[in-house]
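Engineer: This is the structure, below, for whatever I ask next.
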Amino acid sequence: MSAPDNLRIVLASRPTGRPGPENFRIEHAALPSVSDGQVLLRILYLSLDPYMRGRMSAVKSYAAPVEIGQVMEGGTVAEVLESRLADFKPGDIVLSHSGWQSHAVADGSRLRKLDPAAAPVTTALGVLGMPGFTAYSGLLTIGQPKPGETVVVAAASGPVGSAVGQIARLKGARAVGIAGGAEKCAFVRETFGFDAVVDHRSPDLAAELAAACPDGIDVYFENVGGKVWDAVFPLLNGFARIPVCGLVAQYNSSGEFEGPDRLPVVMRQILTKSLTLRGFIQTEFAAQRPAFQAEMARWIAEGVLKYKEDIVEGLEQAPQAFIGLLEGRNFGKLIVKA
Ligand SMILES: NC(=O)c1ccc[n+]([C@@H]2O[C@H](COP(=O)([O-])OP(=O)(O)OC[C@H]3O[C@@H](n4cnc5c(N)ncnc54)[C@H](OP(=O)(O)O)[C@@H]3O)[C@@H](O)[C@H]2O)c1
């Protein structure tokens, strides 16, 4: 039997607009060798997240792009195969940031041991990981939902949106979700327990959202932008808070936007309604991580917070699955089983 090699998915070219399979290349390389202070990892699960579209682009952003020919970046759950690092031994399961590949070496700086008995290890990439933390920190720090208020969030069947709505309800607020298609909308309402759900593909989105929010909107957790923002904006109440978390509807855009310049109208409403719009990247709230881990794990154990994962088999499927994520073809936290 031949020795295993390292299957790597690298960025082949930068997309213009929607990424395609031609922007990725699958390569086979020798297994990396381990030095002192490192571990050799076999990737078990790879997280696919909307931010990766930004890493494919050379446009200046909050993080450096992936270079052409480099392995695509990403959070991973991995098994330690070989260790030359104190505190880690073969067989340990860890959270790492090893990217789209089957094997990797890592030093200890971005490794966290996982306890498979405490929670399914995939949750470290979703509800108990970066997306769950994004929902928790962005909603509670910026959104600050109060009992009786209305909280609206889109991409409501995904890991961020589903947690936002459920945490809002745990804080006594009314949660209104926006999702794409009847199946996702039913799940958001029935399993995640949102008070109301609106389908953003409906031609009457604005009217349906207004009907679902009879008392207006106090917190809009912005995940998508685009026409969802247009429907939300007139419904914002005085002193509404808007954590600007993501703009997935725009990620495949080349920079040209349709329609007239709406900035003067938006600025007038920010002024006259005393709105708070605040962008954030979850890493800025890192100090809240221990509180998040404890509280989220308790909510899951008590069964008051649910999550959904969408697991795709085979690392080779990662490009297609990622392209689908930006178009809503995932249903829950998108993870690749390597
Ligand atoms: N600021 C931060 O630190 C941070 C961290 C993590 C994530 N984020 C952001 O949070 C948002 C949600 O992330 P996630 O991981 O939970 O993603 P997700 O919900 O698993 O996937 C993205 C979803 O966006 C929806 N979508 C795509 N295009 C849309 C459009 N044109 N209009 C309306 N909805 C659209 C789709 O759901 P439907 O089928 O329901 O439309 C799709 O499933 C993203 O914007 C992401 O970039 C930000």
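The values are calculated or read from the model by the stated rules, or taken from the named source; none is laboratory data. Small disclaimer: the values here were computed from a predicted structure and weren't measured. Ideal geometry is used to build each Cβ from the backbone, glycine not excepted, and the neighbour counts take in all protein chains shown. Quick note on the areas: whole protein, heavy atoms, side chains included, nothing else; ligands and nucleic acids left out. Shrake-Rupley method; radii C 1.70, N 1.55, O 1.52, S 1.80 Å.
Engineer: Classify the range 206-315 as rounded, prolate or oblate from the Cα gyration tensor: take a ≥ b ≥ c as the square roots of its eigenvalues, call it rounded if a/c is under 1.5, otherwise prolate when a/b beats b/c and oblate if not.
Structural biologist: Details: a/c = 1.80, a/b = 1.47, b/c = 1.23.
Since a/c reaches 1.5 and a/b is larger than b/c, the shape of the range 206-315 is classed as prolate.
Engineer: Placing one identical point scatterer on every Cα of the range 18-102 and ignoring solvent, what is log10 I(q)/I(0) from the Debye formula at q = 0.17 Å⁻¹?
Structural biologist: For the range 18-102 at q = 0.17 Å⁻¹, log10 I(q)/I(0) is -0.80.
Engineer: Based on the Cα gyration tensor of the chain, what are the three equivalent ellipsoid semi-axes, each the root of five times an eigenvalue, rounded to whole Å and given largest first?
Structural biologist: So the equivalent ellipsoid measures 36, 23, 17 Å along its semi-axes.
Engineer: Reachable aspartates and glutamates from LYS273, Cα under 17 Å, same-chain residues fewer than 8 places away excluded?
Structural biologist: Cα-Cα hits under 17 Å: GLU149, ASP215, ASP218, ASP230.
Engineer: Rounded to the nearest 500, what is the 222 nm mean residue ellipticity of the chain from helices alone, with -39500 (n - 2.57) per DSSP H run of 4+ residues and division by all residues?
Structural biologist: -7000 deg cm²/dmol
Engineer: Still on this structure, I have one more. Over the chain, with a Gaussian network built from C-alpha contacts below 10 Å, which listed residue (LEU40, LEU209, LEU263) shows the highest mean-square fluctuation?
Structural biologist: In this elastic network of the chain, the residue with the biggest mean-square fluctuation among LEU40, LEU209, LEU263 is LEU263.
Engineer: Now for a different question. Run the simple label-point estimate for ASP215 and GLU327 please: 7 Å along Cα→C-beta, distance reported in nm.
Structural biologist: About 4.0 nm, to one decimal.
Engineer: I would also like to ask the following. Might you work out the accessible area of TYR62 for me, using a 1.4 Å probe with all protein chains in place, and round it to the nearest 10 Å²?
Structural biologist: My reading of the accessible area for TYR62 is about 130 Å².
Engineer: For the range 138-217, evaluate the Debye formula with one uniform point scatterer on each Cα (no solvent term) and list log10 I(q)/I(0) at q = 0.15, 0.20 Å⁻¹, rounded to two decimals.
Structural biologist: Relative scattering, expressed as log10 I(q)/I(0), comes to -0.44, -0.79.
Engineer: Right, here's the next one. Show log10 I(q)/I(0) for the range 251-296 at q = 0.14, 0.20, 0.24, 0.32 Å⁻¹, two decimals, from a solvent-free Debye sum over equal Cα scatterers.
Structural biologist: -0.69, -0.84, -0.91, -1.08
Engineer: Roughly how far apart, in whole Å, are the Cα centres of the range 143-170 and the range 62-133?
Structural biologist: About 28 Å separates the Cα centre of the range 143-170 from the one of the range 62-133.
Engineer: Give me a comma-separated list of calculated 3J(HN,Hα) values for the range 14-28, in order, Karplus coefficients 6.51, -1.76, 1.60 applied at θ = phi - 60°, integers in Hz, x for any Gly or Pro.
Structural biologist: Using θ = phi - 60°, the values come out as 8, x, 10, x, 5, x, x, x, 5, 7, 10, 9, 8, 10, 10 Hz.
Engineer: Based on alpha-carbon atoms only, what is the radius of gyration of the range 130-283 relative to the globular estimate 2.2 N^0.38 Å?
Structural biologist: Values: Rg = 14.3 Å, N = 154, 2.2 N^0.38 = 14.9 Å.
Its radius of gyration relative to the 2.2 N^0.38 Å reference: 0.96.
Engineer: Of the candidates SER102, SER13, SER35, which one comes out as most mobile in a Gaussian network treatment of the chain with C-alpha springs shorter than 10 Å?
Structural biologist: Taking springs between Cα atoms under 10 Å, the residue moving most is SER35.
Engineer: Given the options ALA78, ALA168, ALA182, state which has the largest fluctuation in a GNM of the chain using a 10 Å cut-off (strictly under) for Cα springs.
Structural biologist: ALA182
Engineer: Would you calculate the separation in nanometres between label points at GLU190 and THR276, each defined as 7 Å from the Cα along the Cα-to-beta-carbon direction?
Structural biologist: It works out to 3.8 nm between the two label points.
Engineer: What angle, in degrees between 0 and 90 and rounded to the nearest 10, separates the Cα long axis of helix 263-272 from the longest principal axis of the Cα atoms of the chain?
Structural biologist: 70
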